1. Can you tell me which residues in region 34-52 are under 14 Å from Pro93 (Cβ atoms), among the hydrophobic types (A, V, I, L, M, F, W, C) and touching a residue at least 12 places away in the same chain (Cβ under 8 Å)?
2. Would you mind stating whether Gly84 is over 14 Å from the mean Cα position of the chain (by Cα), among the small types (Gly, Ala, Ser), at pLDDT below 95 and assigned to a helix (DSSP H, G or I)?
3. When you look at His79, is it buried (at least 16 other Cβ atoms within 10 Å of the Cβ), touching a residue at least 24 places away in the same chain (Cβ under 8 Å) and in a loop (DSSP other than H, G, I, E, B), yes or no?
4. Give the residue, chosen from Thr55, Thr108, Thr76, that is closer than 17 Å to Met1 by Cα and among the polar types (S, T, N, Q).
5. Just checking, how many residues over region 100-122 are without any contact (Cβ under 8 Å) to a residue 60 or more places away in the chain and in contact with a helix residue (DSSP H, G or I) (Cβ under 6 Å, 6 or more places away or on another chain)?
6. Does region 87-113 hold any residues that are assigned to a loop (DSSP other than H, G, I, E, B) and surrounded by fewer than 17 Cβ atoms within 10 Å (Cβ to Cβ), and which are they?
7. Just the residues that are in a helix (DSSP H, G or I) and either small (Gly, Ala, Ser) or modelled with pLDDT under 90 (or both), please, taken from region 35-44.
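The values are calculated or read from the model by the stated rules, or taken from the named source; none is laboratory data. Note that the structure is predicted; figures quoted are calculated from it, not measured. Note that we place each Cβ from the backbone using ideal geometry, even for glycine, and neighbour counts take in every protein chain shown.
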Amino acid sequence: MKLLLDTHVLLWAAAGDPRLRSEVAAAVADPANSILVSAASAWEIAIKAALGRPTMNPEQVAGCVAEGRFVELPVTIAHANHAGELPPHHRDPFDRMLVAQARVVGATLVTHDRALGAYDVPILWA
């Protein structure tokens, strides 16, 4: 199964945060699953770090990918076009991009953000 981690789920999974439901932690740890991390999440983390918000170091995201824990998902023109076509259920451009990417690549979005449930995308609730 392909799972695309929302940014906060990426942070929780990388840190072993207990807020991550045990079923989701098990799915992320299962080597049979492909765990995708969007370049949009790395961008969001870098912006928040630059603003001084406590978050993961942007280089840690690259480290998780380099270690093989996660698979990097670049943002493509097809993703951008799809994000632009989404109805305005959610205003956060990073979350809209994640929805678009999940739909384009056929992944299940792993999130805790209930507002994303308004989109036609498979969701694993974190």
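1. Ala39, Ala40, Trp43 - these are the residues of region 34-52 that are under 14 Å from Pro93 (Cβ atoms), among the hydrophobic types (A, V, I, L, M, F, W, C) and touching a residue at least 12 places away in the same chain (Cβ under 8 Å).
2. Numbers: over 14 Å from the mean Cα position of the chain (by Cα): yes; among the small types (Gly, Ala, Ser): yes; at pLDDT below 95: no; assigned to a helix (DSSP H, G or I): yes.
So Gly84 does not fit the description; no.
3. So His79 fails the test.
4. Just a single option satisfies the conditions, and that option is Thr108.
5. 4
6. Matches in region 87-113: Pro87, Pro88, His89, Arg91, Asp92, Gly106, His112.
7. Let us first name the residues in region 35-44 that are in a helix (DSSP H, G or I), namely 39-44.
Hits for region 35-44 are Ala39, Ala40, Ser41, Ala42.
Results for (1) closer than 24 Å to Gly117 by Cβ; (2) part of a helix (DSSP H, G or I), shown as yes or no for each residue.
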| position | (1), (2) |
| --- | --- |
| Ala27 | yes, yes |
| Ile47 | no, yes |
| Pro54 | no, no |
| Gly68 | no, no |
